[in-house]
1. May I ask you to list the residues in region 39-63 that are surrounded by fewer than 22 Cβ atoms within 10 Å (Cβ to Cβ) and touching a residue at least 60 places away in the same chain (Cβ under 8 Å)?
2. Under 16 Å from the mean Cα position of the chain (by Cα) and among the charged types (D, E, K, R) - does that describe any residue in region 87-109?
3. Cβ contacts < 6 Å: first residue within 15 Å of Ser75 (Cβ to Cβ), restricted to region 105-132; second residue of a type in the set (S, T, N, Q), any location; separation 6+ or different chain. Result?
4. Test Ala115 against the stated conditions and say whether it is out of contact with any Ser or Thr (no Cβ under 7 Å at 6 or more places or on another chain), farther than 16 Å from Met62 by Cα and either modelled with pLDDT under 95 or surrounded by 15 or more Cβ atoms within 10 Å (Cβ to Cβ) (or both).
5. Give just the number: which of (1) closer than 18 Å to Gly74 by Cβ; (2) at pLDDT 95 or above does Pro25 not satisfy?
6. Filter region 118-132 down to residues that are surrounded by fewer than 17 Cβ atoms within 10 Å (Cβ to Cβ) and of a type in the set (Ser, Thr, Tyr) and give me whichever is nearest to Arg46 (Cα to Cα).
7. Please state which of the following conditions Trp101 fails to meet, knowing it meets all the rest: (1) touching an Asp or Glu at 6+ places or on another chain (Cβ under 7 Å); (2) modelled with pLDDT under 90.
8. Would you please name the residue that is nearest to Ala35 (Cα to Cα), looking only at residues in region 64-99 that are surrounded by fewer than 21 Cβ atoms within 10 Å (Cβ to Cβ) and of a type in the set (Val, Ile, Thr)?
Amino acid sequence: MAQPIPFSRNTGAARARHDKAMLLPIARKIADDLALRVHLTLDALRRGVGSTSDAQTLTQVMLLTGFLAESGFGSVTGEQLGAAEGAVSAVFDIGRETGEWKLDSAGVAIFAEIATNYDRQLHSAPLWAITDASERLDRFTAGMPNQTPMRKRA
């Protein structure tokens, strides 16, 4: 005789746990690890021992910080983002030409503020906001339209 397929009777409980987790900030250890990587990347570029990957990381953090700020978590001005974009563009240009991946002192100051803001965002923004910002970054890097996803309303 065929055995019935066991279906979980706790799908509602699992969904409730998932929904609750999306409202909470990410685990402190994960937030600390992510923030530390950004600060180490910034330091490498400050000392002139950075790489393409480091410049890409700063670009991603700049975008994520802006997306999270747009969602209401943290604050960053358009002027800060514009200055940061100019600074990291210079890193890419000079790095490709000379092989030296370095951020000038003005760029370091700008990205120090962004990294500090990103650190605060990681420790306070709920998982749904970080997930949305990350998905938005993925769409942006894939060249897809930069649309903020529509959230379901209860």
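The values are calculated or read from the model by the stated rules, or taken from the named source; none is laboratory data. Just so we're clear, the structure is a prediction, and the values are computed from it rather than from any experiment. Methodologically, a virtual Cβ is constructed for each residue, glycine included, from the backbone with ideal geometry; neighbour enumeration extends over all protein chains shown.
1. Selection gives His39, Arg46, Gln60, Leu63.
2. Taking every residue of region 87-109 in turn, none turns out to be under 16 Å from the mean Cα position of the chain (by Cα) and among the charged types (D, E, K, R).
3. Once the first residue is within 15 Å of Ser75 (Cβ to Cβ) and sits in region 105-132, its partners that are of a type in the set (S, T, N, Q) give Ile114/Thr65; Asn117/Thr65; Tyr118/Thr65; Ala129/Ser71.
4. Considered against the rule, which asks whether it is out of contact with any Ser or Thr (no Cβ under 7 Å at 6 or more places or on another chain), farther than 16 Å from Met62 by Cα and either modelled with pLDDT under 95 or surrounded by 15 or more Cβ atoms within 10 Å (Cβ to Cβ) (or both), Ala115 comes out as no.
5. Failed condition: (2).
6. Ser124
7. Status for Trp101: all satisfied but (2).
8. Val76
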